[in-house]
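Report on the structure given below.
The values are calculated or read from the model by the stated rules, or taken from the named source; none is laboratory data. Bear in mind that the values here come from a model prediction, so they are computed numbers and not experimental data. Ligands, DNA and RNA are stripped out before the accessible areas are found, and what is left, the full protein with its side chains, is counted by its heavy atoms. Shrake-Rupley method; radii C 1.70, N 1.55, O 1.52, S 1.80 Å.
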Amino acid sequence: INMMVSFGFYKQWKSFDFWCAFGAGLAGSESLKENGVSNHQSVLFTGKVGVGVDWHVTRMIAIDYAFDMLITDALGFIPCTMFGVSIDLN
């Protein structure tokens, strides 16, 4: 479970899209539970800072890279990297 509100900036240059975003929200998971831990203790307050780039190989297909730094009150800093391919239907 993850609920987050984020705001970002976006810049397009030739066939590249650059973006950065920041936000805050709540996250939770059954995997955070341990023996004797109540349900409300498995919910974390989170913050997020992220940057990314999308490279449009064709008009509809893009290669994506993103790096997010999640910040939680209980676990500290959690780096997340994403690499993939997307289809733009616009």
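3J(HN,Hα) along region 9-24: 10, 9, 9, 9, 9, 6, 9, 10, 10, 10, 8, 9, 8, 9, x, 8 Hz, from the Karplus curve 6.51 cos²θ - 1.76 cosθ + 1.60 with θ = phi - 60°, whole Hz, x for Gly and Pro. Using θ = phi - 60° in the Karplus curve 6.51 cos²θ - 1.76 cosθ + 1.60, the 3J(HN,Hα) couplings for region 75-87 round to 9, x, 8, 10, x, 10, 10, 10, 9, x, 10, 10, 10 Hz; x is entered for Gly and Pro.
Remark: region 55-67, residue by residue, has Karplus-estimated 3J(HN,Hα) of 10, 7, 5, 10, 5, 9, 10, 10, 9, 10, 9, 9, 10 Hz, where x stands for each Gly or Pro and the curve is 6.51 cos²θ - 1.76 cosθ + 1.60 at θ = phi - 60°.
Remark: region 46-90 carries 69 Å² of accessible area per residue (probe radius 1.4 Å; ligands, DNA and RNA excluded).
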